[in-house]
Structure formats: C-alpha cells, structure tokens
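**Student:** I have a structure I would like to understand better, so I am pasting it below and will then ask my questions one at a time.
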Amino acid sequence: MEKQITREDALTRKGFKHACHIMLYGDTSAKLFGKIPIKHIVLMQMRFDGLLGFPGGLVNPSKETLEAGLSRELHEEVGVAVFVGVDNHMCSCLSSSCPNLITHFYIKKMTESELNELEKAAVATAADHGLEVLGMVRVPLYFLRNGGGLPYFLSHSFISNSRAQLLSALQRCRLLSQGEIEKAVSQAEQMRCTRSGDPH
C-alpha cells in the first residue's frame, strides 16, 4: 500500500522525482451489442512495455507546475493539449516500487465528443504513438458471462499503482458501486490464480 501525502508536502520534499498521470473519463449512452449499457468511457493506454497505465509521465516542478507538465505529457501522448488544473488533483503518493519517486494522480471529466476526438488525435498526431504509447484503451466497466468485461480487464498487468488508482477513481467518481468493484476484483484474482495454476 502506497503512503498518501498532500500535494503541498510532495512539492517541499527534496531529492524526489515526480510522475503525474491522469484518468480522462466521461459519460456515454452507447450500448454494447445494442443492449448492454456502457454508461461511462474511461481511458487508459497500452504502454511500450506491454503494461496498462494512464497517460502522463515525469514532471520537473522546478521548471513547470505539476499540472502544466502533465498537460505537456498529454500533448505528446494523445496529441491534444488537455488543460489540467489543481482541482483535477486526486492524490499524491510515495512510490513503493521506485525509491525517491512521488506519483500524482489526476481525474478529469470530458464530453463523449471530446474523448472521441482525443482518441483520434492519439493515433493521427501524437508524437509518442507507436513508440512509448502503443494505443489508447477503453476500460470495460460492465460485466459479461464468465468474468468478461471489467474482471478480465483487471486480471491483466498494470504499471506500478495504476490498477489501484483506477479502482480508487472509479469509486471516487461513482462510476461503479463499491459492491461492483469488489466483485470485479474478486473475479479478477480468481482468473489470475487459474492462469498461474494456483488453486487458491
């Protein structure tokens, strides 16, 4: 479990690197197969290392604000200059996997049309497409038979604490209920155990 600290505390600490990432999301009336409500669009990305993560990257607070740096990273990775403000900040944490790294996580709600345009730009104009970023991915927030949908998605491999960030943001934004999140996590763990051959 990563230790949370305030944004202000994070900026006063010397000798730390800062990584800023963001969950961009919005509402949709679309239905899968014309009958399963999708309800929400949540964007993540497939990274160059094959792991799932959120758009963003390293920011140097001595040269730019965290939010300006995150906006710059977004322009490189998704091809669109998305404004990010302090009010979009969700949490800052001391990384448990990388010494002297503080992670900052943001959430921003956008319209469906804005998200659609961003996905197009991520392929057509983003400098990092096909290099550091292999593609944008929508998180399936629904449940299908045999664990399809969110449980299967959560059983994949995520970078650092991005899986925990996703689950926390889904709850914070009330995109799923606590019961739905717990169900998805439980089913995902069962899938991981089945794949590894561990009956427990």
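The values are calculated or read from the model by the stated rules, or taken from the named source; none is laboratory data. Bear in mind the structure is a predicted one, so any value in this text is a computation, not a measurement. No Cβ is skipped: glycine too gets one built from the backbone with ideal geometry, and neighbour counts run over all protein chains shown. For accessibility, only protein heavy atoms count, side chains too; no ligands or nucleic acids. Shrake-Rupley method; radii C 1.70, N 1.55, O 1.52, S 1.80 Å.
**Student:** Which ones in the range 172-187 are in a loop (DSSP other than H, G, I, E, B), of a type outside the set (Lys, Arg) and without any contact (Cβ under 8 Å) to a residue 12 or more places away in the chain?
**Tutor:** SER177
**Student:** State which residue pairs qualify: first residue over 18 Å from MET90 (Cβ atoms) and inside the range 43-68, second residue surrounded by fewer than 18 Cβ atoms within 10 Å (Cβ to Cβ) and of a type in the set (Asp, Glu) in any location, beta carbons under 6 Å apart, and separation of 6 or more residues or different chains.
**Tutor:** PHE48/GLU132
**Student:** So which residues in the range 58-89 are in a helix (DSSP H, G or I) and open to solvent by 80 Å² or more (accessible area, probe 1.4 Å), if there are any at all?
**Tutor:** Scanning the range 58-89 gives ARG72, HIS75, VAL86, ASP87.
**Student:** Here's another thing I want to ask about it. Could you tell me whether ALA169 is under 19 Å from PHE105 (Cβ atoms) and buried (at least 16 other Cβ atoms within 10 Å of the Cβ)?
**Tutor:** When the stated conditions are applied, ALA169 passes them.
**Student:** Out of curiosity, is LYS108 open to solvent by 20 Å² or more (accessible area, probe 1.4 Å) and in a helix (DSSP H, G or I)?
**Tutor:** no
**Student:** Scanning for something in a loop (DSSP other than H, G, I, E, B), at pLDDT 90 or above and touching a helix residue (DSSP H, G or I) at 6+ places or on another chain (Cβ under 6 Å), does the range 123-131 turn up at least one residue?
**Tutor:** The answer is no, given that none of the residues of the range 123-131 is in a loop (DSSP other than H, G, I, E, B), at pLDDT 90 or above and touching a helix residue (DSSP H, G or I) at 6+ places or on another chain (Cβ under 6 Å).
**Student:** Give the residue that is nearest to ILE22 (Cα to Cα), with candidates limited to residues of the range 96-105 that are open to solvent by 20 Å² or more (accessible area, probe 1.4 Å) and touching a residue at least 12 places away in the same chain (Cβ under 8 Å).
**Tutor:** LEU101
**Student:** Of all the residues that make up the range 31-56, how many are touching a strand residue (DSSP E or B) at 6+ places or on another chain (Cβ under 8 Å) and either buried (at least 20 other Cβ atoms within 10 Å of the Cβ) or at negative phi (or both)?
**Tutor:** The number of residues fulfilling the criteria is 18.
**Student:** Continuing with this model, one more query. What pairs come up if the first residue lies in the range 138-165 and is touching a residue at least 12 places away in the same chain (Cβ under 8 Å) and within 18 Å of LYS35 (Cα to Cα), the second is acidic (Asp, Glu) and open to solvent by 50 Å² or more (accessible area, probe 1.4 Å), and their beta carbons are under 9 Å apart, counting only those six or more places apart or on different chains?
**Tutor:** LEU141/GLU180; PHE143/GLU180; LEU150/GLU180
**Student:** Something else now. Exactly one condition in (1) at pLDDT 90 or above; (2) over 16 Å from the mean Cα position of the chain (by Cα); (3) closer than 18 Å to ILE159 by Cβ is false for ILE107; which is it?
**Tutor:** Status for ILE107: all satisfied but (2).
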